[in-house]
1. Cβ-Cβ below 9 Å, separation at least six or inter-chain, first residue in region 356-382 and open to solvent by 10 Å² or more (accessible area, probe 1.4 Å), second among the small types (Gly, Ala, Ser) and in a strand (DSSP E or B): which pairs?
2. Identify, from the list 23, 14, 100, the residue that is of a type in the set (A, V, I, L, M), on the phi < 0 side of the Ramachandran plot, modelled with pLDDT of 95 or more and open to solvent by less than 30 Å² (accessible area, probe 1.4 Å).
3. Residues being within 27 Å of the chain's Cα centre (by Cα), part of a loop (DSSP other than H, G, I, E, B) and surrounded by 11 or more Cβ atoms within 10 Å (Cβ to Cβ): count how many of those fall in region 267-298.
4. Among the listed residues 353, 345, identify the single one that is at pLDDT 95 or above, over 17 Å from the mean Cα position of the chain (by Cα) and not assigned by the TED database to the domain that holds residue 232.
5. On the given criteria, is residue 265 in contact (Cβ under 8 Å) with a residue 60 or more places away in the chain and not aromatic (Phe, Trp, Tyr)?
6. Looking at 185, 181, which one is under 24 Å from residue 263 (Cα atoms) and at pLDDT below 95?
7. Identify the single condition in (1) within 29 Å of residue 238 (Cβ to Cβ); (2) of a type in the set (A, V, I, L, M); (3) modelled with pLDDT under 95 that residue 54 does not satisfy, given that it satisfies every other one.
Amino acid sequence: MTDAVRAGGDAVPASGTVHWIGAGLSTGSGLAALCGTADRLLLWHRTEERAERALADLGLTGRAEPRAHTLPALEAALAPGDVVVSMLPAPEHAALLATAIARQAHFACSSYVSDAVLDLIPAAGAAGLTVLTEAGLDPGIDHLFAHSLIARAEQAVGAGIAASCTLTSYCGGIPAVPNDFRYRFSWAPAGVLNALRAPARYIEDGAETTAARPWEATRPHVIDDETFEVYPNRDSVPFVEQYALPAAWKPRTFVRGTLRLDGWLTAWAPVFAELERGDDERISALARELAAAHPTTEADRDRVVLAVSLDVTGGSGETWSGRYLLDAVGTAEESAMARCVSRPLALGVRHILDGSLPPGLSRAAETANRSEEWLTELAGEGVGFTFRSEE
């Protein structure tokens, strides 16, 4: 990350007030955790009544203030040092961030940094404001796992030792009880299909590779004797730098991707045929059909699996392997996805409130020390995971 992005003016002290924007499927117990930390919390939703219902569903009636969300209403309510937390779709983040900067408020979300958000970072940093992004599950907890693994491997093998390495990071929200379709839709079905239409870039056999149709790169992936299917997603290559992989280590494989239940590739064959035809109108209709045929109902429980592994082999035969695994199942009170997205985001907001995050851009925790601190805090707050290593 450049000094221009990192550099900021004098930090604006946090006021203690948090504005949580949106109460969709990823808003879970993280909101409740913030109610116990923030001096004041406002939940903004499409209408005040829907905000009230969301608070009641989370058992937070009276602990946060319901509000009807519009940008003008939010802008009027913001004060210097407040924190705006966006749970809205990623395309809406830039407008929220611009509003926050105009009112000298900090900003946090769980999404990837878009170009539109990145353009606003210098202004936020110069104003002494913190912008926290990629602080959910994936992206978010996966970053914490990767930073921790790389630091542990550096201690075991040495950052300056010529070595080859393999890093894989796979995450997926899947049904806890498998169905024939090997998937259930809980949100934006069109987003699920369109993600499959975007090329994926990653490193394989030591060279950059692009999968024009990511599902065609699907392969088995065994975790604790359970077989899943995984495929690359988005662009993995920039994360070699973001994760500060030592320059002396050559990646044999470096891929961040999506995890699905075994049998997904076969079950989705008719869907892939439609995607290959590329008819936008038909794909939009298909998304609606699939969501109606395979919804997540009140009786269903979701499961989140995040597996991040690193294997390093030094030129003199030194080896180190490590793995983090998060495997969570939803409950009647809260989905696994809501827990795993909202908890790390709330943790990040608490660190904005306590002044420990600097002005400018932060992506989850970007150092090994802070990753270890955040992982310890998350483990103490009900986000369970395991670590395993071999030398």
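1. Within 9 Å, the pairs are 363/140.
2. On inspection, the qualifying residue turns out to be 100.
3. 3
4. Only one candidate qualifies: 353.
5. no
6. 185
7. Going through (1) within 29 Å of residue 238 (Cβ to Cβ); (2) of a type in the set (A, V, I, L, M); (3) modelled with pLDDT under 95 one by one, residue 54 breaks only (1).
A quick yes/no check of all residues on (1) open to solvent by 10 Å² or more (accessible area, probe 1.4 Å); (2) closer than 21 Å to residue 372 by Cα; (3) not β-branched (Val, Ile, Thr):
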{"residue": "114", "(1), (2), (3)": "yes, no, yes"}
{"residue": "118", "(1), (2), (3)": "yes, no, yes"}
{"residue": "123", "(1), (2), (3)": "yes, no, yes"}
{"residue": "140", "(1), (2), (3)": "no, yes, yes"}
{"residue": "144", "(1), (2), (3)": "no, yes, yes"}
{"residue": "154", "(1), (2), (3)": "yes, yes, yes"}
{"residue": "166", "(1), (2), (3)": "yes, no, no"}
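The values are calculated or read from the model by the stated rules, or taken from the named source; none is laboratory data. Small disclaimer: the values here were computed from a predicted structure and weren't measured. Because the Cβ atoms are built from the backbone with ideal geometry, glycine has one as well, and the counts that use them run over all protein chains shown. We work out accessible area using only protein heavy atoms, side chains counted, and drop any ligands, DNA or RNA first. Shrake-Rupley method; radii C 1.70, N 1.55, O 1.52, S 1.80 Å.
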